[in-house]
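**Q** Handing you a structure now.
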Amino acid sequence: METNVVKVKLWGMDVGYLSWDSAARLAVFEYEPLFLEQGLDIAPLTMSIHSPRSRKQIPWTGDTDKLYQGLPPMIADSLPDKWGNSLFKAWLRDNHISTKKATPVDHLSFIGSRAMGALEYEPAQKLGGHSAFSVDVQRLYDFAKQVLNEREATVLNQENSILWQDLVKISSSPGGKRPKAIVALNEITGDVISGQGIIPEGFQYYILKYDDHSAYPFAKLEYVYYQMALDAGIRMMPSKLKTYGGVTHFLTQRFDRNGNDKIHTQTLAAMSPLSNSYEEIFAVIRRLNLPYEDSRQQYLRMAFNVIARNVDDHSKNFSFCMNRDGAWRLSPAYDLTYSVDLTAPVYSNRHSLTVNGKDEDITREDLETIGLKNDIQDYKTLINKVANAVTHFEVYAKELDLDEKLIDSIKADFIKV
Ligand SMILES: Nc1ncnc2c1ncn2[C@@H]1O[C@H](COP(=O)(O)OP(=O)(O)OP(=O)(O)O)[C@@H](O)[C@H]1O
Ligand SMILES: [Mg+2]
């Protein structure tokens, strides 16, 4: 592919230029001087527009940590994770491009205007027609599974080549390890169309997280957790379960879209690289001068993840959003679910972010210490509120006919506070 330079764009403005240094295997980024005058601090803690480096037009070099693939963290956030990467590799193979030669800058150029958040990349790889097409969720799901399973050798024939193009268009940009699709949903008619490009009146952008239809009810469990989180007062985007061809999937409305408007979004991993504790999220909230409500929200989310055992609380599962005035806020919560692997040894089920220095056996005392140290006014009440919401687990799980044994083992795993 060998795209050496891409232009980074936001809301129609040129943000800057990103090039790939093949020898150093690092990207180099430079702000467009006119963008610096807009007052939009899109990476305030890593590449601030106010820093002398940006002002003096000294290039910013990428981050060598594997998580960022040699890109500046703000930009690495536009690349997908495991699932999107495997689709990109399959796409390269299909286009007879060596996967070894493709650089992260090539990948951004492939993503073009399909990235999560609001950043866009030019030149973009054209994937044909920008108009929304109707999505046959069941067929696409079956095909996605096939692509995943066969990896190296999905045979593209006339029949599935359209499906393949559709899959690449709607599935290759979102992050995370689980397969998903970017769709738009019409609440009234139930119609599902592709969620790339401009969507018609009456539709809203959603992420569809495929259930893999194994013995483990991923989608339903995530929906149970969504309901408990709302009961706890945690802010989340409207989410729902939908069944196609007998398989129930989880859909969540996108917080980085408002109608056809894009909202600039950064994960914690991008905003504050190397953060690996909840304390550091509170520190970021303070550094960004966010309102008290965001600290309170973050406290509820921490208590929820601890009590309900969402140990998959890594730095890409927290985000921040910036509006067109350049004001930052904590994003709605997402990816909340029971994430302990009951078949794995205990030591492998540790929290990704630490609480009071601990990644396991976290107690009420630890939660209280964090509340006290971060000026959370009513932290004891907030812990109780979360604990109470988590007692609704059994009712919600039974409503969805989850297996009784699974319900019992999850319930028994909750942290008593
Ligand atoms: N409602 C949403 N609106 C906008 N972006 C979202 C939303 N939900 C998730 N995302 C983004 O998409 C990414 C993947 O989603 P999610 O974390 O739900 O998937 P996952 O495959 O379960 O992830 P993981 O790898 O953590 O298990 C998130 O890291 C986040 O950046
Ligand atoms: Mg996630």
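**Q** Does Ala283 fit the bill of being without any contact (Cβ under 8 Å) to a residue 24 or more places away in the chain and more than 16 Å from ligand 2 (Cβ to nearest atom)?
**A** So Ala283 passes the test.
**Q** To continue, here is another question. Give the residue, chosen from Arg301, Arg329, that is surrounded by 14 or more Cβ atoms within 10 Å (Cβ to Cβ), assigned to a helix (DSSP H, G or I), modelled with pLDDT of 95 or more and within 16 Å of ligand 1 (Cβ to nearest atom).
**A** Details: Arg329 fails: assigned to a helix (DSSP H, G or I).
Residue meeting the stated conditions: Arg301.
**Q** Any chance you could count how many residues in region 183-206 are within 16 Å of ligand 1 (Cβ to nearest atom) and either hydroxyl-bearing (Ser, Thr, Tyr) or within 15 Å of Asp81 (Cα to Cα) (or both)?
**A** Qualifying residue count, region 183-206: 2.
To keep it simple, each residue is scored yes or no on (1) on the phi > 0 side of the Ramachandran plot; (2) within 16 Å of ligand 2 (Cβ to nearest atom); (3) of a type in the set (Gly, Ala, Ser); (4) surrounded by fewer than 19 Cβ atoms within 10 Å (Cβ to Cβ).
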site	(1), (2), (3), (4)
Ile182	no, yes, no, no
Glu187	no, no, no, yes
Ala219	no, yes, yes, no
Val224	no, no, no, no
Arg235	no, no, no, yes
Ser239	no, yes, yes, no
Thr252	no, yes, no, no
Arg257	no, no, no, no
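**Q** A further question follows. What tally of residues in region 313-326 results from selecting those that are in a loop (DSSP other than H, G, I, E, B) and within 15 Å of ligand 2 (Cβ to nearest atom)?
**A** Matching residues across region 313-326 total 6.
**Q** From the list Ile42, Ile49, which one is touching a His at 6+ places or on another chain (Cβ under 9 Å) and among the β-branched types (Val, Ile, Thr)?
**A** Every option except Ile42 fails the conditions.
**Q** Among the residues of region 162-180, what is the count of those that are outside any loop (DSSP other than H, G, I, E, B) and within 16 Å of ligand 2 (Cβ to nearest atom)?
**A** Qualifying residue count, region 162-180: 2.
**Q** Kindly list, by first and then second residue, each pair from a residue in region 122-148 that is closer than 26 Å to Gly245 by Cα and of a type outside the set (Ser, Thr, Tyr) to a residue that is part of a loop (DSSP other than H, G, I, E, B) and at pLDDT below 70, limited to pairs with Cβ atoms under 6 Å and residues at least 6 apart or on different chains.
**A** Val147/Thr154
**Q** Name the residues in region 68-85 that are more than 24 Å from Lys7 (Cβ to Cβ) and in contact with a Pro (Cβ under 9 Å, 6 or more places away or on another chain), would you?
**A** Asp81, Trp83
**Q** State all residues of region 341-356 that are within 13 Å of ligand 1 (Cβ to nearest atom) and under 22 Å from Tyr223 (Cβ atoms); if no residue qualifies, say none.
**A** Asp341
**Q** Quick check on Leu208: is it over 19 Å from Tyr396 (Cα atoms), modelled with pLDDT of 90 or more, within 16 Å of the chain's Cα centre (by Cα) and part of a strand (DSSP E or B)? Give the steps one after another, and end with the answer.
**A** Details: over 19 Å from Tyr396 (Cα atoms): yes; modelled with pLDDT of 90 or more: yes; within 16 Å of the chain's Cα centre (by Cα): yes; part of a strand (DSSP E or B): yes.
Yes; evaluated as a whole, the condition is true for this residue.
**Q** Surrounded by 19 or more Cβ atoms within 10 Å (Cβ to Cβ) and part of a loop (DSSP other than H, G, I, E, B): does that describe Ile199? If you could, list the steps in order and put the result at the bottom.
**A** On the way: surrounded by 19 or more Cβ atoms within 10 Å (Cβ to Cβ): yes; part of a loop (DSSP other than H, G, I, E, B): yes.
When the stated conditions are applied, Ile199 passes them.
**Q** Assigned to a loop (DSSP other than H, G, I, E, B), within 11 Å of ligand 1 (Cβ to nearest atom), within 18 Å of the chain's Cα centre (by Cα) and crowded, with 18+ Cβ neighbours inside 10 Å: is that true of Ser275 in this structure?
**A** When the stated conditions are applied, Ser275 does not pass them.
**Q** Report the residue count in region 332-352 for those that are small (Gly, Ala, Ser) and more than 14 Å from ligand 2 (Cβ to nearest atom).
**A** Count: 2.
**Q** Now, a different point. Does region 124-135 contain any residue that is in a helix (DSSP H, G or I) and either closer than 30 Å to Asn258 by Cβ or modelled with pLDDT of 85 or more (or both)?
**A** No, every residue in region 124-135 fails to be in a helix (DSSP H, G or I) and either closer than 30 Å to Asn258 by Cβ or modelled with pLDDT of 85 or more (or both).
**Q** How many residues does region 293-326 hold that are without any contact (Cβ under 8 Å) to a residue 60 or more places away in the chain and within 18 Å of Gln377 (Cβ to Cβ)?
**A** Total meeting the criteria: 3.
**Q** OK, next. Please state which of the following conditions Arg93 fails to meet, knowing it meets all the rest: (1) touching a helix residue (DSSP H, G or I) at 6+ places or on another chain (Cβ under 6 Å); (2) part of a helix (DSSP H, G or I); (3) more than 15 Å from Ser171 (Cα to Cα).
**A** (1)
**Q** Among the residues in region 231-246, are any farther than 30 Å from Ser48 by Cα, within 11 Å of ligand 1 (Cβ to nearest atom) and not in a helix (DSSP H, G or I)?
**A** Looking for residues that are farther than 30 Å from Ser48 by Cα, within 11 Å of ligand 1 (Cβ to nearest atom) and not in a helix (DSSP H, G or I), one finds at least one in region 231-246, hence yes.
**Q** Follow-up. Evaluate region 177-187: report whether one residue or more is under 30 Å from Ala387 (Cβ atoms) and either modelled with pLDDT of 90 or more or out of contact with any strand residue (DSSP E or B) (no Cβ under 7 Å at 6 or more places or on another chain) (or both).
**A** yes
**Q** Is it fair to say Arg114 is assigned to a loop (DSSP other than H, G, I, E, B) and touching a Ser or Thr at 6+ places or on another chain (Cβ under 9 Å)?
**A** So Arg114 passes the test.
**Q** Which of the residues belonging to region 260-272 are without any contact (Cβ under 8 Å) to a residue 40 or more places away in the chain and part of a loop (DSSP other than H, G, I, E, B)?
**A** Listed by number, the list is empty, since nothing qualifies.
**Q** Let me ask another. Quick one: would you say Lys100 is within 23 Å of the chain's Cα centre (by Cα), at pLDDT 80 or above and either at positive phi or surrounded by fewer than 21 Cβ atoms within 10 Å (Cβ to Cβ) (or both)?
**A** The answer is no for Lys100.
The values are calculated or read from the model by the stated rules, or taken from the named source; none is laboratory data. Computed from a predicted structure; not experimentally measured. Because the Cβ atoms are built from the backbone with ideal geometry, glycine has one as well, and the counts that use them run over all protein chains shown.
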